[in-house]
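Participant: Let me begin by handing over the structure; questions about it come next.
Quick note: the coordinates plus some simple rules give every number you see, no bench work behind them. Remember, it's a predicted structure, so these values are computed and weren't measured experimentally. Here Cβ is always computed from backbone atoms with ideal geometry, including for glycine, and neighbour counts include all displayed protein chains.
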Ligand code: HEM
Ligand code: SF4
């Protein structure tokens, strides 16, 4: 079973992350699913009517604006990093947290490595599905990489110049 | 000069720790080459032909004597005894060992220096006018703004993985010595009708493969909104800049595709959310930073025009040097002096550990212990007393810094090229040298007058060839090194890109080609016309005809 870093701890994965080509018929009523944006677009009603937990995931070329006024429907929003060097979802994360006030779990999925965790956390991610070949215990340490930050971000609403 | 407080210091020390561990994991095989690459790049570390190249940040070109001595020590202890001033005011080492980099960074941190974000697809070192704070034509001192922007760029969490690198330049004077129009973002101060300070904002300039002069998208940005506006621009770029093709990934391509007007609208739409937020700059912060850049303790002196003119008459060499290598200062009795790193036979911008130590000493004795680097790859002592100018000149001659060629043909901007860089099509340093040798006669050089000659070893344009009055670009022709020449580029106000003269030339033809171009200029110029002026008046054809005329 995959293990996830969540709120600075390592927990077992309980959600099912569904691929882009999934169809509604493949879902059971009670499991917890993170569905691709396309499924949400087509079947929002049916998805909301289920008993199991609901999350949605966005790829790096999809836009937070599209679910901006619907974030209350999701316990989890996962943002995918096809490569760790694709930085688009850092901006989506900030929009979901700062602009659309998403309060649930914001999870980084895909090519997630320890050396990006500090930045990801600053942008509002509180959960990280570390790439399967890497050790999440070790990755956890990187959340402490820096003890001071200059900019305002989701984790710290004031820039250093308003705190120093 | 900005002095770190405990916060600034902690950030760079945390970085040293982080990079030490990253390097350890890489060497232990825990990080793959692919995973380590962006990490090391964001720390200024390229892997080059012979060794890694380390680029150390010199934020907006400002250095103290103490820092300069550390740069000398690193050249001595970890390199082959020299360092290189880059065209973005940074310092590069060509021969450090990868295993030593964490130690080098730790040493740099003891003098408030680092290599953060000096390469990679991230927010890069902010650059400005090398005469900031002392130029007679200054509107505002850009350095506090540079420092404020530097802090904003440092480990910005949202913009660490941009489509491509991102460079910001800030000008503070009426002439533009910071080349802001060929930067991803260019900023310059303006005052509105009410006398309030703001910035004109340009986006989408850049050199490289697709050179572009940027477009101004905001004629008055209130200073309070500066960082929010940068956030807005970067957010638009981070989300919509192309990531499918690295040659189309710079912001200039996005701005062109959208048009500057539409790009500006997108930025404005972001600003509607960000304006008034906590990133809005405060007067307290601007003052906190600005007080590090107050004038040094200038003496009440007067200008020594007649005394210096008398010295001119006695020493023609001094006179010559004075006309080229000194610049008027805002304070009476002072002058800004440029140390030429372009003597013939030395790679442009290179200096040895001993020279670095010597420069540090000179700065201490003549210029309040501070110095600057310029994007033309020279060094500046900004606050020299006129009454000490002659003594300084004598010392500079001893140190090999007094070549009187600032702004002249032999003050060549040149990238490391094929001698060091693995991306090069051709060598660039030997071309620079062969041209310097051809124009070694000072009377001739002075007669030719102001001329920017820039050389890049490939189309990445590290040597800014597009904006040279004469630009030289190394090209590969069936595996052989050739050189393409362009004319009419300019990096100053109303920047322009050079036009290609025609088919490229072999290496040994280059001094002749340049000489022919110069001959056309000398024949056609009117009094007071610089090369670029004559070129703009008569166009490219007369130059073309001369250079490509069949040999008789
Ligand atoms: C020796 C190793 C070097 C490597 C591998 C290297 C690599 C590159 C690359 C790939 C680009 C193009 C980026 C693009 O397409 O936008 C570039 C641009 C640039 N480099 Fe270098 N470079 C090196 C050394 C230098 C040095 C020594 C300088 C300064 C003298 C320098 C100054 C610049 C500048 C100013 C640009 C920007 C041109 C622009 O605005 O697009 N580089 N470099
Ligand atoms: S212009 Fe080309 S050859 Fe010169 S340093 Fe840059 S990448 Fe290397």
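Participant: Given segment B:305-399, what whole percent of its Cα pairs are spread farther than 24 Å?
Facilitator: 18 percent
Participant: For segment B:362-385 and segment A:86-164, what is the separation of their C-alpha centers, rounded to whole Å?
Facilitator: 42 Å
Participant: Further, regarding this structure: Would you calculate the convex hull of the Cα atoms in the protein assembly as shown and tell me its volume per residue in Å³?
Facilitator: Considering the Cα atoms of the protein assembly as shown, their hull volume per residue is 172 Å³.
Participant: Let me ask another. Obtain the nm distance between the two label points defined at residue B:444 and residue B:278 by a simple spin-label model: each point lies 7 Å from its Cα along the Cα-to-C-beta direction.
Facilitator: 6.5 nm
Participant: Would you mind giving the mean number of other chain beta-carbons within 10 Å of the Cβ of each residue in A:113-125, as a whole number?
Facilitator: Neighbouring Cβ atoms belonging to other protein chains average 4 per residue here.
Participant: Suppose R0 equals 35 Å. What FRET efficiency, 1/(1 + (r/R0)^6) with r the Cβ-Cβ distance, do residue A:75 and residue B:7 give to the nearest 0.05?
Facilitator: With R0 = 35 Å, the Cβ-Cβ based efficiency is 0.40.
Participant: So if we plug the beta-carbon distance of residue A:8 and residue B:257 into 1/(1 + (r/R0)^6) with R0 = 60 Å, what FRET efficiency do we get, rounded to 0.05?
Facilitator: 0.90
Participant: Here's another thing I want to ask about it. Per residue of B:30-36, how many C-beta atoms from partner chains lie within 10 Å of its own C-beta, taken as a mean?
Facilitator: Mean shielding count: 3.
Participant: Distance between Cα centroids, segment B:233-271 to segment B:132-160: provide it in whole Å.
Facilitator: 22 Å
Participant: Considering only DSSP beta bridges whose two residues both sit in the protein assembly as shown, what percent are antiparallel, to the nearest 5?
Facilitator: Approximately 65 percent, going by the DSSP bridge assignments.
Participant: Let me ask something additional. Run the helix sum for the protein assembly as shown: -39,500 (n - 2.57) per DSSP H stretch of 4+ residues, divided by residue count, reported at 222 nm to the nearest 500 deg cm²/dmol.
Facilitator: Mean residue ellipticity, 222 nm, calculated: -10000 deg cm²/dmol.
Participant: How many nm separate the modelled label positions at residue A:164 and residue A:65, each set 7 Å beyond the Cα in the direction of the Cβ?
Facilitator: In this crude spin-label approximation the distance works out to 3.5 nm.
Participant: Placing one identical point scatterer on every Cα of segment B:450-505 and ignoring solvent, what is log10 I(q)/I(0) from the Debye formula at q = 0.12, 0.16, 0.28, 0.31 Å⁻¹?
Facilitator: So the normalised log intensities are -0.24, -0.42, -1.06, -1.21.
Participant: Now for a separate question. Once you order the gyration tensor axes a ≥ b ≥ c over the Cα atoms, which shape class does segment B:466-552 get: rounded for a/c under 1.5, otherwise prolate or oblate by comparing a/b with b/c?
Facilitator: Oblate.
Participant: While we're on this one: Output needed for segment A:75-124: three equivalent-ellipsoid semi-axes, defined as square roots of 5 times the C-alpha gyration tensor eigenvalues, in descending order, whole Å.
Facilitator: Listed largest to smallest, the semi-axes of segment A:75-124 are 18, 11, 10 Å.
Participant: Right, something else. How much space per residue, in cubic angstrom, does the convex hull of the C-alpha atoms of segment B:6-109 take up?
Facilitator: 107 Å³
Participant: Still on this structure: Classify chain B as rounded, prolate or oblate, taking a ≥ b ≥ c as the square roots of the eigenvalues of its Cα gyration tensor: rounded when a/c is under 1.5, otherwise prolate if a/b is larger than b/c and oblate if not.
Facilitator: Since a/c stays below 1.5, the shape of chain B is classed as rounded.
Participant: What number results when the radius of gyration of segment B:440-482, computed over Cα atoms, is divided by 2.2 N^0.38 Å?
Facilitator: 1.45
Participant: Can you give the relative contact order of segment B:71-175 as a percent, counting alpha carbon pairs under 8 Å and 6+ residues apart?
Facilitator: Relative CO of segment B:71-175 lands at 26 percent.
Participant: Hey, what did chain B get for relative contact order, percent, Cα under 8 Å, at least 6 apart?
Facilitator: The value is 12 percent.
Participant: Given a cut-off of under 8 Å on Cα pairs at least six residues apart, what relative contact order in percent is computed for segment B:284-429?
Facilitator: Here the relative contact order equals 24 percent.
Participant: Determine the gain in length on full extension of the stretch residue B:480-residue B:545; use 0.36 nm per residue of separation and subtract their C-alpha separation, reporting nm with one decimal.
Facilitator: The span from residue B:480 to residue B:545 would gain 20.9 nm if fully extended.
Participant: If I stretch the segment between residue B:303 and residue B:269 completely, what's the gain in nm (0.36 nm per residue apart, minus their alpha carbon distance), one decimal?
Facilitator: 7.0 nm
Participant: Taking the mean number of other Cβ atoms within 10 Å as a proxy for protection, how do you rank A:112-119, B:254-261, B:15-22 from highest to lowest?
Facilitator: Result, highest mean first: A:112-119, B:15-22, B:254-261.
Participant: At 0.692 mPa s and 37 °C, plugging the Kirkwood radius over alpha-carbon pairs of segment B:135-290 into Stokes-Einstein gives what diffusion coefficient in µm²/s?
Facilitator: Translational D for this selection: 207 µm²/s.
Participant: Report the label-to-label distance for residue B:523 and residue A:32 in nanometres (one decimal), using points 7 Å from each Cα along the Cα→Cβ vector.
Facilitator: Taking the simple label geometry, residue B:523 and residue A:32 are separated by 8.3 nm.
Participant: With only alpha-carbon atoms in the gyration tensor, what are the semi-axes of the equivalent ellipsoid for segment A:1-117, in Å, largest first?
Facilitator: Semi-axes (√(5λ), whole Å): 21, 17, 14.
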